[in-house]
Amino acid sequence: MFLKSLHIENFKSFEDVIFEFNPTVNIFTGVNNTGKTTILEAIALWQECFVKLLQQAKRTQKNYKKGDYIIDNTLLKYFKFEDINSIRSPAFEDIFFDKETNRIVKIGATFQNEENENITITILIRNIAGNCIVELDDFKNFSFLKFNEFFKKFPNPITLSYASPVSNIAQNERFMTFPNVKEMMTGHNSVSILRNRLSLLYNERTETNYRNFLNDLNDALYGNDAKLKFYEITKSRDDSKVIFHYTIGDETTTKDISLLGSGTLQIMEILLHLHYKESEPDLRIILLDEPDSHIHRDIQKRLLSILAQKISNTQIFLTTHNENFIRNADVSQLFHLENTPKNHYKTIDIERLSKIDETQKTRKSFSGIYPTHINPIIKTLGNGGMGLDFIDALEADKIIFVEGEDDAQMIYFLLQKTYSTPNPNKYVFWVMNGISNILKNIAGYKHIFEQIKNKKTLWEKSYLIMDKDILSNEHAQRMTEKIKNVLGIDVFVPSAYTFETILLSDLSKLSLLITQWFSKLDIAPLHTTHEEIEKTYQSLGKMLEERYFGQNSLEKQNKDIFIYLDRKNKLDMLLNEGKADKNSVITQPNLTLYYQKYIKDCIQEGKFYKLATKDDLSWFFDEILKPYNKTFDLEKDFLALLESVYINNWYSDWDFMRTLAK
C-alpha cells in the first residue's frame, strides 16, 4: 500500500495543490519558501487527525455496523490548537492560507493497495473561536464498508514518524515509556529521544530489525564494513537514564554515543525511523526534513541507495537543497516545487523538465558538464558549480562528450531504455556546444583527462557522440576512424543528418512509435498511420530536392561546402597536432562535384534522413499532427515521443547505446 496522492487546500502557502507520489521515495526540492517543509507538515497533519478521529463503532448506524472502525464525527472532533503536534506555527491562524481563518483547511489523501484499488479520505479543519474542529469530509456518504475492507491492520493501519536534522544530542537522556516515545516520534522531537529509540530496537525479542539497522548503518557510513558497534550500559528499566556506548573498528575502549560525529548521528536518526517496527501497519510513512545535513557526499549516495530499497509497506518523503542528493536521485523520485499557491505536482517528467529548462535560457550557448537530464533543477537552485560537477565526472562510470544539451537529454533518456530496470551506470555528459568546438578542443581534454585518475583515468572512460550533419557517409567514417586511432576514444556518429532525424531512417519503426505515442496522447488516428508517414516522407523529399537543386540552391550548396572545408581543416589540425595535412587537402571544385553527387544519390535513393535537419523533422511531425489540430514542439515532444520506445521500435543507429550501457 502507498499514499498515491494528496490534495491540499488552504493550508499555509498552499491554496489548492495536488501531489501525485512515487510509491517508495519522494524528494522535494526547490528554492526557499516554496513549501518543501509544508508538504511534510500536511502529510503529518492528515495522519495525526486520522489517528485522533479513528474509533471503533459502539452501535450500528446507517453506513456502518457495530465493531467497524470509523472516522468519528461526534465530540471527538473538537481540539485545542495546542493539542496538534504535527505542525509548527506560533498561532492558529498561521495554518490557514493568507491567515484567513474563515477558510477551511482540506487535506485529501488517496491510497492505493496491492490490488490497485483506491480510497480517498479527506480531513477538514475549521476555526472555532481560536481552536479547531477536525472532521471527515462528507461523513454521511463515506463508505465505511470499503474503509474496513481496504485497511487490514486496525487499530493502527497507518503509522508516521518525523526525522529532523541532527547536529548533536544531549549528554544525558532520561528513560521514557513507549507511549511517550511514540508521541515524540510523530512530532518533531525524535532527536531528543534517540537513545530511547535505539534501546527499543536493541532489546526487541527478535534481533532481525536491529541487525538490519546495524548493517544499513555501517553500509551507509563505511560501505558495509562492520566497524560501528553499540553497547547498552543501562543496568535495568528502573534506571532513570538510558546510556549507550560505542566502538569503531578494533577499538576496545567504549565511548558515549554523544561523542559520535553529527553525520553519524544523522544517519542513525534516519535509519532508526526506517527500521523500528512497533507493529506491521498497512503503511508506514517516514518524513525526513533535510536529511543530508552534516553528511558527506559519499555517505549521501549510499544513504539514497538504502532508502530506495523496497522496504515492505514503507513510503519515504524528504526535503533537500542538496545538489548531490538531486544528482543521484532517480528522476521518478523528484519534485521541483514552485512558489505558487495553486499547482498540480508530479515527479519530474519530460513536460515539467522542459518547463523548468525554459526559464534558464541556456540551451543554445551552454557548454560544460551536464551530469544528467535533471540538471535544470540544479540550475534553479543556483548550484551549477563546476567543482562538484568535476567530482561527479571522477565518480562516473562513463563520460560522454556531446554537441549540445539536447543531445545529452536524448542519449541519457535512451540509455535508460537499454535496461528493463533503472540503468545502474552513472553517466556524466560533457556538452561541447557544437562540433566546431569538439574538433577545436577535444585534444586539450585528452591531455588533461589522461592525468586525472580515479580507478581509471577520465579519458579511459570517455566517449564522443557527434552528429554527421553535412558529411557524407564516407567522410564521416574516415573521421571517426581517425579520431579513434589518434585520440584513443570511441566515437559514435549516426547515419542520419542529426541525432533526431534517425527517426526518419526506418518508416516502419517510426509508424509503430507514432502509433504508441498517439495512444498516450489519446489520439485516434484518422488515417492509417504508416500511409500518412510514407506520404509525408515523400513530400519531405520534394522539399529537399528543391532546396539543393532548385532555383536558389547554389547559395545553399556553397554555404555547406564552406562548412565542409572548415570542418575538414579543423579535423586535419586536430589529428596532425596543429599542422595542416597538405596531402589530404580537398579543393573546393573537387568537393563541389563530390558533394553534389552525394546529395543527388541521397534523394534518388530516398534516403532523405541523411539530409533532413531538426527543422525538417519539426515540419514532418507538424504535417502528421495537422489533422488533429496539434503542432510539434521539438524540445518537449521529441523526448515525450521517446517514452514510447520499446524493443520493437528500437533503431539500429541506437545500438551503440548498448556499448555505453555495459
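The values are calculated or read from the model by the stated rules, or taken from the named source; none is laboratory data. In this text the structure is predicted, and so the values were computed from the model without any measurement. Every residue, glycine as well, gets a Cβ built from its backbone with ideal geometry; the counts of neighbours run over all protein chains shown. These accessible areas exclude ligands, DNA and RNA; they are computed on the full protein's heavy atoms, side chains included. Shrake-Rupley method; radii C 1.70, N 1.55, O 1.52, S 1.80 Å.
Here are some notes:
- Residue check, L194 under 22 Å from A44 (Cα atoms), open to solvent by less than 70 Å² (accessible area, probe 1.4 Å) and either in contact (Cβ under 8 Å) with a residue 24 or more places away in the chain or not in a helix (DSSP H, G or I) (or both): yes
- Selection status of I87, modelled with pLDDT of 90 or more and closer than 29 Å to A163 by Cα: no
- When residues of the stretch 516-545 are limited to those that are at pLDDT 90 or above and surrounded by fewer than 16 Cβ atoms within 10 Å (Cβ to Cβ), the one farthest from L642 (Cα to Cα): K542
- The lone exception for S472 - which of (1) open to solvent by 10 Å² or more (accessible area, probe 1.4 Å); (2) among the small types (G, A, S); (3) closer than 24 Å to Y609 by Cβ it fails: (1)
- Considering residues of the stretch 386-422 that are part of a loop (DSSP other than H, G, I, E, B), out of contact with any helix residue (DSSP H, G or I) (no Cβ under 8 Å at 6 or more places or on another chain) and modelled with pLDDT under 80 only, the residue farthest from Y651 (Cα to Cα): T421
- Residues satisfying the stated conditions in the stretch 249-292, i.e. assigned to a loop (DSSP other than H, G, I, E, B), acidic (D, E) and surrounded by fewer than 20 Cβ atoms within 10 Å (Cβ to Cβ): D250, E251, E278, E280, D282, E290
- Scan the stretch 491-528 for residues that are touching a residue at least 60 places away in the same chain (Cβ under 8 Å) and among the β-branched types (V, I, T) and the total you get is 5.
- N102, sole failed condition from (1) in a loop (DSSP other than H, G, I, E, B); (2) at pLDDT 90 or above; (3) in contact with a Phe, Trp or Tyr (Cβ under 7 Å, 6 or more places away or on another chain): (3)
- Criterion: open to solvent by less than 20 Å² (accessible area, probe 1.4 Å), at pLDDT below 90, in contact with a His (Cβ under 9 Å, 6 or more places away or on another chain) and of a type outside the set (K, R) - qualifying residue of L639, L591: L639
- Selection over the stretch 613-662 of residues that are touching a Pro at 6+ places or on another chain (Cβ under 8 Å) and farther than 21 Å from K417 by Cβ gives a count of 0.
- Pairing each residue of the stretch 219-230 that is closer than 19 Å to L265 by Cβ with any residue that is part of a loop (DSSP other than H, G, I, E, B), provided the two are 6+ apart or on different chains, yields C-beta distances under 6 Å for K227/G249.
- Sole residue being in contact with a Lys or Arg (Cβ under 8 Å, 6 or more places away or on another chain) and touching a residue at least 60 places away in the same chain (Cβ under 8 Å), chosen from F111, F79, F50: F111
- Test: residue in the stretch 458-467 that is without any contact (Cβ under 8 Å) to a residue 40 or more places away in the chain and under 16 Å from D407 (Cβ atoms): no
- Scanning the stretch 423-449 for residues that are open to solvent by 50 Å² or more (accessible area, probe 1.4 Å) and either assigned to a loop (DSSP other than H, G, I, E, B) or within 15 Å of A393 (Cβ to Cβ) (or both) yields P424, N433, Y445, I448.
- When each of T631, T659 is tested for being touching an Asp or Glu at 6+ places or on another chain (Cβ under 8 Å), among the polar types (S, T, N, Q) and closer than 20 Å to E532 by Cα, the lone residue that passes is T631.
- Every test in (1) modelled with pLDDT under 90; (2) among the charged types (D, E, K, R); (3) open to solvent by less than 20 Å² (accessible area, probe 1.4 Å) is passed by R658 save one, and that test is (3).
- Of the set (1) under 24 Å from M185 (Cβ atoms); (2) outside any loop (DSSP other than H, G, I, E, B); (3) more than 31 Å from the chain's Cα centre (by Cα), all apply to N156 but (2).
- Summed over the stretch 165-189, the residues that are open to solvent by less than 20 Å² (accessible area, probe 1.4 Å) and touching a strand residue (DSSP E or B) at 6+ places or on another chain (Cβ under 7 Å) give a count of 2.
- Subset tally (residues that are of a type in the set (D, E), surrounded by 17 or more Cβ atoms within 10 Å (Cβ to Cβ) and over 20 Å from F549 (Cα atoms)) for the stretch 611-622: 0
- When T60, T122, T110 are checked against the criterion of being open to solvent by 60 Å² or more (accessible area, probe 1.4 Å) and within 23 Å of S143 (Cβ to Cβ), T60 stands alone in meeting it.
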